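The values are calculated or read from the model by the stated rules, or taken from the named source; none is laboratory data. Everything numeric in this text was worked out from a predicted model, so none of it was measured. Positions of Cβ are backbone-derived with ideal geometry, glycine not excepted, and every protein chain shown enters the neighbour counts. Side chains included, ligands, DNA and RNA excluded: accessible areas come from the protein's heavy atoms. Shrake-Rupley method; radii C 1.70, N 1.55, O 1.52, S 1.80 Å.
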Amino acid sequence: MGDSYIIAIDFGTAYSGYAYTVASNEEEIDPVLKKWGEELGLDTPKTPTCILFNEHEEAIEFGYEAKTEYINVRGEEAKKLYFFENFKMALYGTELNREVTIKAANGKSMTALKVFTESLRFLKDDALKTISAKAKRKFLASDFTWVLTVPAIWDPSAKQFMREAATEAGIVTEGNEHKLVIALEPEAASVWCKKLPADGFITQNHDRDALDESPGTQYIVVDCGGGTIDITVHEVQEGGALKELDKASGNDQGGQNVDRKFKEFLKEIFCDGVWDEYEKNYPSEVQKLMYDFTRLKQVDEDVQFSCPYNLGKLAQKNKDVEKFFEPVPGATWNDGSIKISREKMRSFFAESLQGITENLKGIFKKDFSIEYILLVGGYAGSQILRQHITEQFGRRCKVLCPARAQEAIVNGAVKFGRNPELVTSRKSVYTYGIAICVDFDESQHKAEKRFTADGIEICGDIFSKLVEEGEDVGWNDIKTCSFFPIESMQTSMSMRFYRTERKYPKYVDEWGVEEAGSFIVSMPDTAEGLNREVSLEIRFGSSEITATATDVASGSKGSIKIDFMTKSRQSGKNPPQSI
């Protein structure tokens, strides 16, 4: 069975889902995608990323069921429940630790780790139940390799956070961590799209063979998610594997930015505190309204929708509802319905589209030969977005969107889980280094870095570079280094890893340098004094960073996943113990 049984979870800001395969490695069949919403008369590839906890902070529903139950709860009862949605964005641009909290719709807080853990637990349990029922045999989580997708532009601490939540959710157990693969969302989409035939795209301007049959082809993948816009640049290698040409870029101007503009517009219409009162007292109705808007923003035309009952009622108390619309261009009241013009709808997209355009212009200024832009993710389903990108860049390259843009990531993640070397190399986002000590030289070193060990003057806090920002790191590349103690009776060695966007830092406590993680290696056998070696192997090429340290004298060996979720990332001032 081995790694041939794969479950991939696409945990999105707005929507989540999973796909799986229980085929053997030799069989080239497409993943099976779970469909959602049957009880609501729906058949969708994802379910809303929202979770409902009761007043005792116990998870009770996820997805459509959570949204439906919350929408149906009235008044005071709704205020007792913890309803979370769009919470994935809590991990964007945040300095993470295990105590970070996020706010529910009722204004109360819960730890982000618990919210993510319970959401992943639901998806895990649903996947195992679904697959077991279809196969007519019971599957356990340990029977599968699990793939969890994350944005490429996320900080390493956010990726580590997702791994920890997955472990707490029982997706993998201690000692079995290798069965959880963290996949970067645009990479997963790229893996899927590169094998699609011409008729696998909804755009009409692709008439060549599948991309993976065209070595040398360079293309941009724009993952248009609900929260983030995630952009990578790939070149197809011989055999169809991918090489990353530029480090991942993007922003937080995803589809929910459009939702936010829509909500601000409604607040502008229903002024004088009407909208604020409505949002405060009828949160479940607001949820339904915003859910309905996700369909409306797919089209490029005037849209019309029914005014929610309680919003109309609150407005009527203040003045005739039609009068709210008189000073606001772009919207009209139409016998109980709100009509928004095409021009106004397009204005909701302006800020988001500008952000995407700026990112893409930056890539086109570099020395690449881009032939295609691939638009993937749920937000790519919007006609307004696709038309804008085509208008801006259609003369430089072909703009493609797969027929089922929302499914590209999760399907590609299954392929990636089975064959991680499909992405042969990536660009390092940071310069990574380790704190070391060297012999003190007053002509080169700061006086305050000097200390004495075993009668020798030593300089501490030196930044020893392991990999440089922008450097190509191969999927299976391993950096090896040797370190020695600075004291003959030393029984452990502290290893502190640092990262920076600078290329040539000298000390680990300089500006722009932050600690990325640390661990201690035990050195129990002191017989060889200063001649004892600790060998360090670091793998950068996967989507996370792992380090393996071996104390050569005692033979003790351990693999360490660098913990990026430190309480704070202060540059260390204590003398490091490696030389």
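For (1) on the phi < 0 side of the Ramachandran plot; (2) crowded, with 17+ Cβ neighbours inside 10 Å, each residue gets a yes or a no:
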| position | (1), (2) |
| --- | --- |
| Y430 | yes, yes |
| Q444 | yes, no |
| A453 | yes, yes |
| D461 | no, yes |
| R502 | yes, no |
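Listed by first and then second residue, the pairs with beta-carbon distance under 7 Å, at least 6 apart or on different chains, first residue in the stretch 118-145 and farther than 14 Å from T167 by Cα, second open to solvent by less than 40 Å² (accessible area, probe 1.4 Å) and assigned to a helix (DSSP H, G or I), are L128/A141; K138/S132; F139/L128; F139/I131; F139/S132.
Select from the stretch 442-468 the residues that are charged (D, E, K, R) and in contact (Cβ under 8 Å) with a residue 60 or more places away in the chain and write down the one among them that is nearest to Y498 (Cα to Cα). Spell out how you get there, then give the answer.
To start, the set of residues in the stretch 442-468 that are charged (D, E, K, R) comprises 442, 446, 448-450, 454, 457, 461, 465, 468.
Okay, now just the ones that are also in contact (Cβ under 8 Å) with a residue 60 or more places away in the chain, so 446, 454, 461.
On the way: K446: 19, D454: 27, D461: 11 Å.
Within the stretch 442-468, the match that is nearest to Y498 (Cα to Cα) is D461.
Evaluated against (1) in contact with a strand residue (DSSP E or B) (Cβ under 6 Å, 6 or more places away or on another chain); (2) assigned to a helix (DSSP H, G or I); (3) among the aromatic types (F, W, Y), Y219 falls short on exactly one condition, (2). Consider the stretch 263-292 and keep the residues that are hydrophobic (A, V, I, L, M, F, W, C) and modelled with pLDDT of 90 or more. The one that is farthest from K319 (Cα to Cα) is F265.
Residue pairs whose Cβ atoms lie under 8 Å apart, separated by 6 or more positions or on different chains, with the first residue in the stretch 56-81 and closer than 26 Å to L113 by Cβ and in contact (Cβ under 8 Å) with a residue 40 or more places away in the chain and the second polar (S, T, N, Q) and surrounded by fewer than 17 Cβ atoms within 10 Å (Cβ to Cβ), are A78/N106. Pick out, from the stretch 435-539, the strands (runs of 3 or more DSSP E) lying fully within it that include 3 or more residues that are more than 28 Å from K243 (Cβ to Cβ) and in contact with a helix residue (DSSP H, G or I) (Cβ under 8 Å, 6 or more places away or on another chain). In the stretch 435-539, 456-467 are the strands (runs of 3 or more DSSP E) which contain 3 or more residues that are more than 28 Å from K243 (Cβ to Cβ) and in contact with a helix residue (DSSP H, G or I) (Cβ under 8 Å, 6 or more places away or on another chain).
Across the stretch 476-498, which residue is modelled with the lowest pLDDT among those that are open to solvent by 60 Å² or more (accessible area, probe 1.4 Å) and of a type outside the set (S, T, Y)? Steps first, please.
Restricting attention to the stretch 476-498, the residues satisfying the condition of being open to solvent by 60 Å² or more (accessible area, probe 1.4 Å) are 476-480, 484, 487, 489, 491.
Remaining after also requiring of a type outside the set (S, T, Y): 476-479, 484, 487, 489.
Working: N476: 75, D477: 80, I478: 84, K479: 86, F484: 93, E487: 92, M489: 92.
For the stretch 476-498, the residue satisfying everything is N476.
What number of residues within the stretch 105-147 satisfy the criterion of being small (G, A, S), open to solvent by less than 30 Å² (accessible area, probe 1.4 Å) and more than 21 Å from the chain's Cα centre (by Cα)? Steps first, please.
Of the residues in the stretch 105-147, the ones small (G, A, S) are 105, 107, 109, 112, 119, 127, 132-133, 135, 141-142.
Okay, now just the ones that are also open to solvent by less than 30 Å² (accessible area, probe 1.4 Å), so 112, 119, 127, 132, 141.
Still in the list and also more than 21 Å from the chain's Cα centre (by Cα): 132, 141.
Count: 2.
Of all residue pairs spaced 6 or more apart or on separate chains, those with beta-carbon atoms under 9 Å, a first member in the stretch 335-358 that is within 27 Å of I153 (Cα to Cα) and a second member that is outside any helix (DSSP H, G or I) and among the hydroxyl-bearing types (S, T, Y) are F349/S382. Can you find a residue that is open to solvent by 40 Å² or more (accessible area, probe 1.4 Å), not basic (K, R) and not in a helix (DSSP H, G or I) anywhere in the stretch 341-360? Within the stretch 341-360 (the criterion being open to solvent by 40 Å² or more (accessible area, probe 1.4 Å), not basic (K, R) and not in a helix (DSSP H, G or I)), the answer is no, since none of the residues qualifies. Test G433 against the criterion of being closer than 18 Å to F540 by Cβ and at pLDDT 90 or above, and give yes or no. Against the criterion (closer than 18 Å to F540 by Cβ and at pLDDT 90 or above), G433 qualifies.
Among the criteria (1) of a type outside the set (F, W, Y); (2) in contact (Cβ under 8 Å) with a residue 12 or more places away in the chain; (3) surrounded by fewer than 17 Cβ atoms within 10 Å (Cβ to Cβ); (4) on the phi > 0 side of the Ramachandran plot, the one C271 does not fulfil is (4).
Looking at this structure, is V429 closer than 30 Å to A152 by Cβ and not in a strand (DSSP E or B)? So V429 fits the description; yes.
Over 30 Å from A188 (Cα atoms) and among the aromatic types (F, W, Y): which single residue out of F440, F393, F416 fits that description?
Numbers: F393 fails: over 30 Å from A188 (Cα atoms); F416 fails: over 30 Å from A188 (Cα atoms).
Answer to the selection: F440.
Starting from residues that are of a type in the set (S, T, N, Q) and in contact with a helix residue (DSSP H, G or I) (Cβ under 9 Å, 6 or more places away or on another chain), keep the ones in the stretch 373-408 and report whichever is nearest to G225 (Cα to Cα).
Going through the stretch 373-408, the residues of a type in the set (S, T, N, Q) turn out to be 382-383, 387, 390, 392, 406.
Still in the list and also in contact with a helix residue (DSSP H, G or I) (Cβ under 9 Å, 6 or more places away or on another chain): 382, 392, 406.
Details: S382: 11, Q392: 20, Q406: 9 Å.
Step by step, filter the stretch 373-408, then rank; the result is Q406.
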